[in-house]
Amino acid sequence: MLLMPIMQNKDSYVIFDFCQTLCDFETADAFVEYVCEREISKRIKLLCGFECLLQRTKLVTLFDVFGHFAHYSLWKRLLLWNLKYISRESLEKYAEAFYKERVKPHLINETLIKLHNAKHNNFKVAVVSASYDIILKYFVKEYGVDLLVTNQLKYRNEIFTGNISESDCIYKNKVHRFYNAVHPNNVDVIESYGDSKSDIPILSIAKQGFVISRESHKQWVEHTNFKEIIWL
């Protein structure tokens with residue numbers, strides 16, 4: 001049950017992570033893969049081969065450890081480099097198709113209901129995600145989301161540079177980026193939804209945090225004050 005709206009001048013927000021929270025897979029890397037499957041170039045083939053080699057050597061695990069402490073997803077940045085030199089126009093077309101073909105069929109009904117309830121109770125809804133705006137803007141438009149905080153692709157002369165424009169929207173950066181968009185003195189975060197330990201900072205700023213789990217209970221939730229929603 002959603003908490004009742006608080007009568008005051010502050011805006012009341014409900015925050016949602018996106019990947020594994022509103023959608024049942026990690027959209028950022030999947031989008032890069034989607035584009036690479038459709039863009040034929042020697043550069044992309046060479047980079048994909050190098051990434052496969054890294055995966056075989058288990059170095060990706062070290063990238064995850066680095067990301068946890070540095071609040072920076074090195075592996076995601078490496079994958080994104082594959083798309084360098086592709087035009088904004090092409091990436092926009094790929095993103096729209098990716099959302100329709102891959103994302104929409106994999107939205108999680110249990111959390112969509114929570115989003116609809118929040119809107120019904122006149123709360124503002126924010127999606128705070130480590131994915132990319134080029135994908136999530138279609139969800140925001142379709143579901144009436146009030147605020148999107150996520151990574152933006154960086155272009156130069158309408159050509160993608162291989163980078164994002166700000167700090168990666170992960171870990172504690174989610175909180176920093178959210179409060180850069182809406183000043184903390186002007187908002188009350190009523191509820192926050194996420195799926196992993198990396199979401200603990202953004203879950204913790206809410207009056208009630210919810211962990212979204214697929215099929216089974218996550219033991220780490222027992223050491224928090226968060227509630228858990230298990231969906232099948």
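The values are calculated or read from the model by the stated rules, or taken from the named source; none is laboratory data. Quick caveat, the model's predicted, so the values are computed rather than measured. For the accessible areas, the whole protein counts, side chains as well, though only heavy atoms, and no ligand, DNA or RNA atoms are used. Shrake-Rupley method; radii C 1.70, N 1.55, O 1.52, S 1.80 Å.
What ranking of Thr21, Thr224 comes out by heavy-atom accessible area, probe 1.4 Å, highest first?
Working: Thr21 0, Thr224 40 Å².
Sorted descending by solvent-accessible area, the residues read Thr224, Thr21.
Ignoring ligands, DNA and RNA, please state the percent of accessible area on the stretch 101-189 from carbon and sulfur, probe 1.4 Å. Walk me through the numbers on the way to the answer.
Details: 1840 of 4240 Å².
Carbon plus sulfur share of accessible area: 43 percent.
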If Trp75, Trp81, Trp220 are ordered by their accessible area, calculated over protein heavy atoms with a 1.4 Å probe, which sequence runs from highest to lowest? Trp81, Trp220, Trp75
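Taking a quarter of the surface of the Cα convex hull of the stretch 114-153, what do you get in nm²?
Values: hull surface 10.5 nm².
Average of the hull's projected areas for the stretch 114-153 equals 2.6 nm².
In what order, largest first, do Leu232, Leu78 sit by accessible area if the probe radius is 1.4 Å?
Numbers: Leu232 155, Leu78 45 Å².
Listed by decreasing accessible area, they come as Leu232, Leu78.
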Where N is the number of residues in the stretch 128-214, Cα Rg divided by 2.2 N^0.38 Å: 1.17
For the stretch 85-221, dividing by residue count, accessible area per residue (probe 1.4 Å) in Å² works out to 47 Å²
